[in-house]
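The values are calculated or read from the model by the stated rules, or taken from the named source; none is laboratory data. Quantities reported herein were computed from a predicted structural model and do not represent experimental measurements. So basically every Cβ, Gly included, is an ideal-geometry build from the backbone, and we count neighbours across all protein chains shown.
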Amino acid sequence: MTALTETPSLWQDLRAALRGTRADYTRIPLKRAVFLLAIPMMLELVLESTFAVVDIFFVAKLGASAVATVGLTETYLFLLYSVAMGLAMAVTAIVARRIGEKRGDDAAVSAVQAILLAVLIALPVSVAGIVWAQDLLRLMGADAWAVEQGYRYTQWMLGGNAVILLLFVINGVFRGAGDAAAAMRVLWVANAINIVLDPILIFGLGPVPAMGIEGAAIATNIGRGTGVAMQLWILARGSEHLRGILGALRWDGPTLFNIARTSVGGIGQMLVAMAAWVFLMRILASVSTEAVAGATIAMRVMMFTLMPAWGMSNAAATLVGQNLGAGEAARAEAAVWRIGWMNMAFTLAVSVAFFVWHDAIVGFFTADATVIAIGGEWLSILAYSYFVYGWWMVAVQAFNGAGDTMTPTWINLVFFWLIQIPLAWTLAIPLGWAESGVFWGVFISETAVGVFTLWLFSRGRWKTVRV
């Protein structure tokens, strides 16, 4: 790419953010570093969240049972996402630290070992998903339609889990290296293919037969598989901050072990959070299929609106890792506070929309009055403290970017398993609040965990972590 001038204009920085830049994020002005990283990371996840919304929009046309099948399958996918995101957190932190230390060759070796680890994890999950899809749905309390017809969706999604793992892990490599534009382009291509194929495969077009809910899963696998192929091509060719990894294609036990060790905390924190969601969905399933469907739509909407905030949070992880590697701890902390204020402003604006138009938002996806009422109720409850999520995500990613993945794990364990699940169950079942009890349990626990995590970050112990 063309070298940036010393005093680039906003337009030049925007072009650099979208096309990729060799800028040193440990040396350029902090405001500019945040801009160059946050813009592509936000856009990358905006399209990812757009796909999630589009996907459920088309599936909702097949009925509440189809939406519930997606929701119940996603309870297992969330467990897989926790592994993928945990590995991505670890490799982002390690690659960022190596780049900050000016050890590019070691960063490439770490990238290869992370890919190998992801493939090893994916194989047994694929077998389990293909063979026991119906049993897994029964275990979650699925209705007859999901078990007898919707299970093919589960087979495809779990059977093709390797593309999910690799997509997360390799984009984690790109983010750690500072190649946010590469990660953005990959997800844009993958999700654009998903969006185009979704209605074609679900409802049929010309010679393409209507595949129903199975078509949604096939479209997802084709799109994500294309994204992975693109990632591998970029890695082989070399990106802006990470040279081609072909010379690093070897088994490196110590490096792989370091990634696995560092990822334990990341996987743990995500497993705790995602497993909590599994229990919450099981509670909702005991209430009604409509409760699961309403919660699934609300969750997709929530994911859509949080993705830009996650993008900014990912920028914080990269800046923390690279600046700690360069010995600039004060600069790392300043980046987190700057991004935190930006995130809070964004999520506060979203909360207003949730409070005012909650039923209309859910009604965009379904005409079922019961599902609209349930999903709208959750969005309206979220509106009361949505701004806390903005700070929570940035603080957590600061810990992860520093390589301290265990602290968020312990926080999640206490607040989600010891507070959220028991509270949601008590309110929903013994006290008879039904789905409302689950939603208020989530509100109380996640507001508390957000405030506590930010307080813990402010104490500064994350600055001394070694990876």
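If you go through region 1-43 and keep only what is at pLDDT below 80 and of a type in the set (Asp, Glu), you end up with just Glu6. Considering region 391-441, and only residues there that are among the β-branched types (Val, Ile, Thr) and surrounded by fewer than 23 Cβ atoms within 10 Å (Cβ to Cβ), the residue that is farthest from Thr92 (Cα to Cα) turns out to be Ile429. Contact annotation: residue pairs with Cβ atoms under 7 Å, 6 or more positions apart or on different chains, pairing a residue in region 29-40 that is assigned to a helix (DSSP H, G or I) with a partner that is hydroxyl-bearing (Ser, Thr, Tyr), are Ala33/Tyr25; Leu36/Thr21; Leu37/Tyr25; Leu37/Thr318. Taken over region 122-135, the criterion of being in a helix (DSSP H, G or I) and under 18 Å from Ala162 (Cβ atoms) is satisfied by Ala122, Leu123, Pro124, Val125, Ser126, Val127, Ala128, Gly129, Ile130, Val131, Ala133. Does Val388 fit the bill of being in contact with an Asp or Glu (Cβ under 9 Å, 6 or more places away or on another chain), in contact (Cβ under 8 Å) with a residue 24 or more places away in the chain and either outside any loop (DSSP other than H, G, I, E, B) or surrounded by 24 or more Cβ atoms within 10 Å (Cβ to Cβ) (or both)? In short, yes.
For region 151-200, filtering for residues that are part of a helix (DSSP H, G or I), over 30 Å from Arg15 (Cβ atoms) and not aliphatic (A, V, I, L, M) leaves 10. Number of residues in region 201-230 that are more than 26 Å from the chain's Cα centre (by Cα) and in a helix (DSSP H, G or I) equals 1.
For (1) assigned to a helix (DSSP H, G or I); (2) in contact with a Ser or Thr (Cβ under 6 Å, 6 or more places away or on another chain); (3) closer than 29 Å to Ser288 by Cα, each residue gets a yes or a no:
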{"site": "Ser65", "(1), (2), (3)": "yes, no, yes"}
{"site": "Ala68", "(1), (2), (3)": "yes, yes, yes"}
{"site": "Glu74", "(1), (2), (3)": "yes, no, yes"}
{"site": "Tyr81", "(1), (2), (3)": "yes, no, yes"}
{"site": "Ala90", "(1), (2), (3)": "yes, yes, no"}
{"site": "Ala93", "(1), (2), (3)": "yes, no, no"}
{"site": "Asp105", "(1), (2), (3)": "yes, no, no"}
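Name the residues in region 278-324 that are of a type in the set (A, V, I, L, M, F, W, C), farther than 22 Å from Asp359 by Cβ and either within 13 Å of the chain's Cα centre (by Cα) or surrounded by fewer than 21 Cβ atoms within 10 Å (Cβ to Cβ) (or both), would you? Once the filter is applied, which keeps residues that are of a type in the set (A, V, I, L, M, F, W, C), farther than 22 Å from Asp359 by Cβ and either within 13 Å of the chain's Cα centre (by Cα) or surrounded by fewer than 21 Cβ atoms within 10 Å (Cβ to Cβ) (or both), region 278-324 yields Val278, Phe279, Ala285, Met307, Ala309, Trp310, Met312.
Of the residues making up region 417-467, just one is in contact with a helix residue (DSSP H, G or I) (Cβ under 7 Å, 6 or more places away or on another chain), more than 12 Å from Phe399 (Cα to Cα) and charged (D, E, K, R), namely Glu435.
Only residues that are under 30 Å from Ala373 (Cα atoms) and charged (D, E, K, R) were counted in region 383-441, giving 1. Evaluation of Ala162 against the conditions (1) touching a residue at least 40 places away in the same chain (Cβ under 8 Å); (2) crowded, with 22+ Cβ neighbours inside 10 Å; (3) of a type outside the set (Asp, Glu); (4) within 27 Å of Val83 (Cα to Cα) shows that the sole unmet condition is (2).
Would you confirm whether any residue within region 108-119 is farther than 30 Å from Gly176 by Cβ, hydrophobic (A, V, I, L, M, F, W, C) and either at pLDDT below 90 or surrounded by fewer than 17 Cβ atoms within 10 Å (Cβ to Cβ) (or both)? Checking region 108-119: not a single residue is farther than 30 Å from Gly176 by Cβ, hydrophobic (A, V, I, L, M, F, W, C) and either at pLDDT below 90 or surrounded by fewer than 17 Cβ atoms within 10 Å (Cβ to Cβ) (or both). Might you let me know whether region 422-431 holds any residue that is assigned to a helix (DSSP H, G or I), free of Cβ contacts under 8 Å to residues at least 60 places away in the same chain and either among the aliphatic types (A, V, I, L, M) or under 27 Å from Arg461 (Cα atoms) (or both)? Yes, because at least one residue in region 422-431 is assigned to a helix (DSSP H, G or I), free of Cβ contacts under 8 Å to residues at least 60 places away in the same chain and either among the aliphatic types (A, V, I, L, M) or under 27 Å from Arg461 (Cα atoms) (or both). Restricting Trp357, Trp455 to residues that are over 23 Å from the mean Cα position of the chain (by Cα), under 29 Å from Arg261 (Cα atoms) and free of Cβ contacts under 8 Å to residues at least 12 places away in the same chain narrows the list to Trp455. Please enumerate the residues belonging to region 108-130 that are in contact with a Gly (Cβ under 8 Å, 6 or more places away or on another chain) and among the hydroxyl-bearing types (Ser, Thr, Tyr). Result: Ser126, single match.
Select from region 89-107 the residues that are among the basic types (Lys, Arg) and over 14 Å from Val320 (Cα atoms) and write down the one among them that is surrounded by the fewest Cβ atoms within 10 Å (Cβ to Cβ). The residue in question is Lys102. Consider Trp251 carefully, then state whether it is touching a residue at least 24 places away in the same chain (Cβ under 8 Å), outside any helix (DSSP H, G or I) and either of a type in the set (A, V, I, L, M, F, W, C) or within 17 Å of Thr92 (Cα to Cα) (or both). Judged against the criteria, Trp251 is a match. Scan region 133-149 residue by residue and report those that are charged (D, E, K, R) and crowded, with 17+ Cβ neighbours inside 10 Å. If the condition is that a residue be charged (D, E, K, R) and crowded, with 17+ Cβ neighbours inside 10 Å, then Asp143 is the only one that fits.
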